[in-house]
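Everything on this sheet refers to the single structure shown next.
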Amino acid sequence: MKVIRNYLYNAGYQILLMIAPLVTTPYVSRALGAHASGINTYTNGWVTVFYLVGQMGIGLYGNREVAYHRDDKRERSRIFWGIEALQLCTISISLVAYLVAVFLFSTTFREYYLLQTLWIVACGIDVSWYFMGMEDFKKTVVRNTIVKLITIVLIFTLVKTEADLWKYILLIGVAQLSGNLTLWPYLKSNIQWVSPKEWHPLRHFYPSLLLFIPTITTQIYLVVNKLMLGKIGQPTALGQFDYADRLVKLVLAILTATGTVMLPHIANKFAKGDLKGVREGLYNSFDFVTAMAVPMMFGLMAISEKFAPWFLGNGYQDAGKIIFFEAPAIVFIAWSNVTGDQYLMPIDRVKEYTVSVSIGAVVNVIANILLIPFYSANGAALATVIAEFSVMAVQMNFVRSTIRRRQLFRSSWRYFLGGLIMFLVVNRICDVMTMNIINMAIQIFVGTVIYVVCLFILKAPVIEQAKAVLGKEIK
């Protein structure tokens with residue numbers, strides 16, 4: 001099935017984007033230390049704001065527009081050139097604004113801010129949205145895998161001490177730029193040249209701007225924790241939070257990959273008027289992500305206290321508690337990914353999506369202001385959970401007129417019950433075992449077996465879905 005293959009490819013791509021730094025994390029966290037890691041997180045947080053402003057909503061908009069016109073090569077070529085021209089213009093403006101801000105306002109970390117500039121340049125040449133709109137994820141995965149592997153080797157070779165922070169920032173930026181460049185050769189066989197007179201990039205500005213608001217709002221409240229923690233707290237606390245947050249986001253990458261895959265798929269069905277297919281896909285996707293998110297949340301919580309200092313180093317004991325507090329966000333983000341990215345966005349209910357993430361951003365800022373002064377990094381983690389819950393709750397309210405919410409949650413209790421039983425057993429095993437690679441593998445294996453057995457006993461729908469998919473693949 002094409003959707004399943006694309007999910008696996010995109011899951012691999014999303015995991016790759018997270019796994020590259022995480023493979024090096026045990027080494028880098030010790031080489032750089034929490035203080036230098038906090039500096040990297042803080043400066044990267046600010047450059048993220050600028051490149052998101054420059055990128056506007058072009059990624060989501062381009063993905064959706066290419067999906068709408070997938071069967072018309074000339075039209076999708078015209079759309080590609082117009083959107084890419086717009087992206088280059090907006091990113092250039094953002095780059096100039098960022099450099100002005102760096103030279104006018106930054107003093108202590110200026111050299112690191114300048115190295116982070118590569119992220120903005122990389123966004124200007126990013127055409128992954130085109131291939132996602134075409135539901136072609138294989139190319140992205142293969143090319144980026146090569147780039148990331150080379151980067152990992154260079155990090156182990158060149159980054160030795162805290163003084164090598166600039167090398168680490170440079171390598172990560174170059175990897176992002178190189179990964180985006182490698183997609184361009186594939187465009188030759190996918191699109192045709194269209195005269196610049198037919199591009200009309202400004203036609204794409206307003207619809208991209210409409211998608212920009214939820215995009216920038218969503219991303220800002222993902223980094224605002226780090227910016228506020230860096231401002232209110234200390235770089236060391238920020239370093240602890242950053243690595244804990246990365247581990248949680250790695251788990252989320254597996255789940256949010258469904259949103260990137262399903263958006264063009266549902267958009268194409270919506271364009272053809274297949275509303276029944278849209279709703280059916282939503283119900284199945286919600287059940288699937290719940291079945292995946294619940295054990296990931298409970299599993300991470302069960303081993304977090306011992307896993308963090310073992311994986312990151314002895315200086316990261318606090319990261320375990322941060323992971324424990326932030327883990328529930330996995331379920332809330334998975335649910336809002338279905339209702340928002342897989343439903344509201346592709347059927348062009350952008351206004352409602354924007355309202356939901358805007359509320360989440362406001363809640364996140366308020367929660368950070370209230371919690372960080374008292375609970376530091378743990379407060380930032382709790383603020384993340386509260387904000388993600390608010391986004392999910394608002395979106396559930398918006399879809400109530402077209403989607404049967406009871407059907408969405410009908411089998412959720414089965415997954416939570418199975419996940420809770422798994423948590424109790426794995427957490428007890430973790431308490432009596434020392435943390436190492438073999439014992440961790442044993443804990444994951446035991447947890448997986450317990451959860452799957454529970455799903456069979458409780459007759460969870462995802463089991464029948466898996467049987468159906470395997471039956472079709474065999475045939």
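Numbers at a glance
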| read-out | value |
| --- | --- |
| Cβ-based exposure ranking for Ser336, Ser77, in which fewest neighbours within 10 Å come first | Ser77, Ser336 |
| Cα shape, the stretch 308-427, gyration tensor, a/c 1.5 rule | oblate |
| Leading residue at positive end of dipole, the stretch 155-206 (Cβ point charges), from Trp184, Leu170, Thr157 | Trp184 |
| Full-extension gain in nm, Leu104 to Phe156, via 0.36 nm per residue minus C-alpha separation | 15.3 nm |
| Three-way shape label, the stretch 136-187, alpha-carbon gyration tensor, a/c 1.5 | prolate |
| Taking the stretch 135-212 and dividing mean pair separation by its residue count, relative contact order in percent (alpha carbons under 8 Å, at least six apart) | 33 percent |
| Cα-Cα over 20 Å, subset of Lys73/Lys351; Lys249/Lys351; Lys249/Lys321 | Lys73/Lys351; Lys249/Lys351 |
| Packing rank of 170-177, 301-308, where each peptide gets the mean count of other beta carbons within 10 Å, highest leading | 301-308, 170-177 |
| Additional length obtainable on full extension of the chain from Leu187 to Ile146, 0.36 nm per residue less Cα span | 12.9 nm |
| Per-residue Cβ neighbour rank within 10 angstrom, fewest leading, Met132, Met435 | Met435, Met132 |
| Convex hull volume per residue in cubic angstrom - Cα atoms of the stretch 65-142 | 90 Å³ |
| Residues His35, His204, His69 arranged by fewest to most Cβ contacts within 10 Å | His35, His69, His204 |
| Prolate/oblate/rounded label for the stretch 60-206 (Cα gyration tensor, a/c 1.5) | oblate |
| Net lengthening on full extension, Leu209/Tyr27 (0.36 nm per residue, minus Cα-Cα) | 61.4 nm |
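Each reported figure results from applying straightforward, stated rules to the coordinates on display, with no laboratory input. Nothing here was measured: the structure is a model prediction, and the numbers come from that model. Counting neighbours? That spans all protein chains shown, and the Cβs are built from the backbone with ideal geometry, glycine included.
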